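Here the structure comes first, spelled out in structure tokens, and everything after it is commentary.
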Amino acid sequence: MIKFCEKHPQICERFDRFWAGADTDRPLLFITSPKDEPDTSVPPPDVADPRDRILPENMVAQARYRVARTAYLAEGYAHFFVNFGPGALHACIGGDADFSSPDTTWFPEFLSDIEEFPSLQFHPDGKWWTAIMAATNALLDEVGEEVVVSFTDIGGVADILASAVGTNQLLMDILDRPAAVKAAVEHCHPLWIEAYEANYTAFVGRQDVTTPWWPILSRGRTYMTQCDLNSMISPKVFSHLFVGELGETYKALDDGAYHLDGVGTEVHVPALLAQEGLKCIQWVPEPGVSALVHRRMLREIQEAGVGVTFLIKPEEVEEACREFDPRRLFLNVECESEVQAKELIENTLRWCEA
């Protein structure tokens, strides 16, 4: 068992303060850089076929390779995402998964009608959940003292529905048959909770923290919830059909977070902030645009008592320190060197004093 909070008490304490919005001297900083002296004896995983990247031995090899070459500073820690694609629950309730692309996982449609969804069940003994747990357990067993192993990306309920019947068809169903969509949502949510708890049991007694694909960290239950369909629907539709199950999810978590992704999704922030138990929103702006462009929205989130987190360049950290409340700010920063990373930590303390 990795007793992470005993090994890294200062990291856990910083995350505790972030979740609580407690006083702090600087933002939470997940900083990584290439190691000054990497262990070049550790080879990369040998993955000739993209479909082999999910094999337990290859995930273990990838974790070891990353740790050998990556420096983690401030609240950075060796974090490994059990990546079976965005919305892997799809493949564990009757669908399939296609790993033939090296960078993407495809989830083929498998239902002809949204009204079929309430007949689906979670299959913990099925092919894909068995594979997810095999990789998770191998990572915990073989590199669990070196890395914090994540939940797989179970997905968001709306996105699972979209992958099951097709996004275009779901959008039509939202217009023409909202009651059928609502019934599917209400059926999918317990399946999501069942999968989450099945994933969570792998960590009990073996890892004293939990983390999703984004490196937020909790001593209890945490997850990065999502509804990527949000970029295609109105606030009215979101509030009527989907936000309620997110609110129910936060009741099941100790430290709930939400993945707000891309153009047009900002309009859903008020509905999200109304959900009791939501403690953090991760903002992902459109490609090539700095998260700081949307500082007004981010400040509004903080003022509502919810933390914000986003990827940021080292040269933007000073502006972030001056613009936002450090108590509810988690910055993910990729530096070019350990020297730059260490200087950044020192400067961040100075910027927050100003």
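Kindly indicate which of THR201, THR152 is buried (at least 22 other Cβ atoms within 10 Å of the Cβ), within 22 Å of the chain's Cα centre (by Cα) and under 23 Å from ALA257 (Cα atoms).
After applying the criteria, what remains is THR152.
May I ask you to list pairs of residues, at least six apart or on different chains, whose Cβ atoms are under 8 Å apart, with the first in segment 24-52 being surrounded by fewer than 16 Cβ atoms within 10 Å (Cβ to Cβ) and the second being hydrophobic (A, V, I, L, M, F, W, C) and part of a loop (DSSP other than H, G, I, E, B)?
Every condition considered, the pairs that remain are PRO50/PHE99; ARG51/PHE99.
Checking GLU145 against (1) in a helix (DSSP H, G or I); (2) closer than 15 Å to ASP208 by Cα, which single condition isn't satisfied?
For GLU145, the failing item is (1).
Considering each of ALA135, ALA179 in turn, give the residue that is among the aliphatic types (A, V, I, L, M) and surrounded by 19 or more Cβ atoms within 10 Å (Cβ to Cβ).
ALA135
Consider only pairs whose beta carbons are under 6 Å apart and that are at least six residues apart or on different chains; among these, list those whose first residue lies in segment 145-170 and is within 30 Å of ILE2 (Cα to Cα) and whose second residue is small (Gly, Ala, Ser).
Here the result reads GLU146/ALA78; VAL147/ALA63; VAL147/ALA78; THR152/ALA88; ASP153/ALA88; ILE154/ALA195; GLY155/GLY87, each pair linking segment 145-170 to a residue that is small (Gly, Ala, Ser).
Return yes or no: is ALA304 under 25 Å from the mean Cα position of the chain (by Cα), of a type in the set (Gly, Ala, Ser) and more than 30 Å from LYS35 (Cβ to Cβ)?
yes
Which residues, taken from segment 229-275, are among the acidic types (Asp, Glu) and over 23 Å from TYR200 (Cβ atoms)?
Within segment 229-275, ASP261, GLU266 qualify.
Go through the residues of segment 121-135 one by one and say whether even a single one is over 30 Å from GLN62 (Cβ atoms) and either touching a His at 6+ places or on another chain (Cβ under 9 Å) or in contact (Cβ under 8 Å) with a residue 60 or more places away in the chain (or both).
yes
Among the residues of segment 167-186, write down those that are within 17 Å of HIS90 (Cβ to Cβ) and within 23 Å of the chain's Cα centre (by Cα).
Residues satisfying the conditions are THR167, VAL185.
Can you name the residue in segment 1-53 that is among the hydrophobic types (A, V, I, L, M, F, W, C) and in a loop (DSSP other than H, G, I, E, B) and is also nearest to VAL306 (Cα to Cα) among such residues?
Here the residue is ALA22.
Can you tell me which residue among MET232, MET224 is aliphatic (A, V, I, L, M), closer than 19 Å to VAL185 by Cα, surrounded by 15 or more Cβ atoms within 10 Å (Cβ to Cβ) and in contact (Cβ under 8 Å) with a residue 60 or more places away in the chain?
MET232 is the lone residue from the list that is aliphatic (A, V, I, L, M), closer than 19 Å to VAL185 by Cα, surrounded by 15 or more Cβ atoms within 10 Å (Cβ to Cβ) and in contact (Cβ under 8 Å) with a residue 60 or more places away in the chain.
Name the residues in segment 272-282 that are buried (at least 19 other Cβ atoms within 10 Å of the Cβ) and aliphatic (A, V, I, L, M), would you?
LEU272, LEU278, ILE281
How many of the residues in segment 228-264 are at pLDDT below 95 and hydroxyl-bearing (Ser, Thr, Tyr)?
Number of matching residues: 1.
It is to be established whether one or more residues within segment 283-296 are under 24 Å from ASP23 (Cα atoms) and crowded, with 21+ Cβ neighbours inside 10 Å.
Yes, segment 283-296 contains at least one residue that is under 24 Å from ASP23 (Cα atoms) and crowded, with 21+ Cβ neighbours inside 10 Å.
Filter segment 150-179 for residues that are in contact with an Asp or Glu (Cβ under 7 Å, 6 or more places away or on another chain) and either among the β-branched types (Val, Ile, Thr) or at pLDDT below 95 (or both) and give the result.
VAL157, VAL165 - these are the residues of segment 150-179 that are in contact with an Asp or Glu (Cβ under 7 Å, 6 or more places away or on another chain) and either among the β-branched types (Val, Ile, Thr) or at pLDDT below 95 (or both).
For LEU73, only one of the following conditions fails: (1) out of contact with any Asp or Glu (no Cβ under 8 Å at 6 or more places or on another chain); (2) at pLDDT 95 or above. What is its number?
(1)
Can you tell me which residue is nearest to the chain's Cα centre (by Cα) among those in segment 312-333 that are buried (at least 24 other Cβ atoms within 10 Å of the Cβ) and either within 11 Å of LEU344 (Cβ to Cβ) or among the acidic types (Asp, Glu) (or both)?
Among them, the one singled out is LEU331.
Check whether at least one residue in segment 94-109 is touching a residue at least 60 places away in the same chain (Cβ under 8 Å), outside any loop (DSSP other than H, G, I, E, B) and buried (at least 19 other Cβ atoms within 10 Å of the Cβ), and report yes or no.
no
From the list GLU37, GLU57, GLU116, which one is among the charged types (D, E, K, R) and under 21 Å from PHE151 (Cα atoms)?
Every option except GLU57 fails the conditions.
The values are calculated or read from the model by the stated rules, or taken from the named source; none is laboratory data. All figures in this text were calculated on a predicted structure; none of them were measured in a lab. Neighbour counts run over all protein chains shown; Cβ positions are idealised from the backbone, glycine included.
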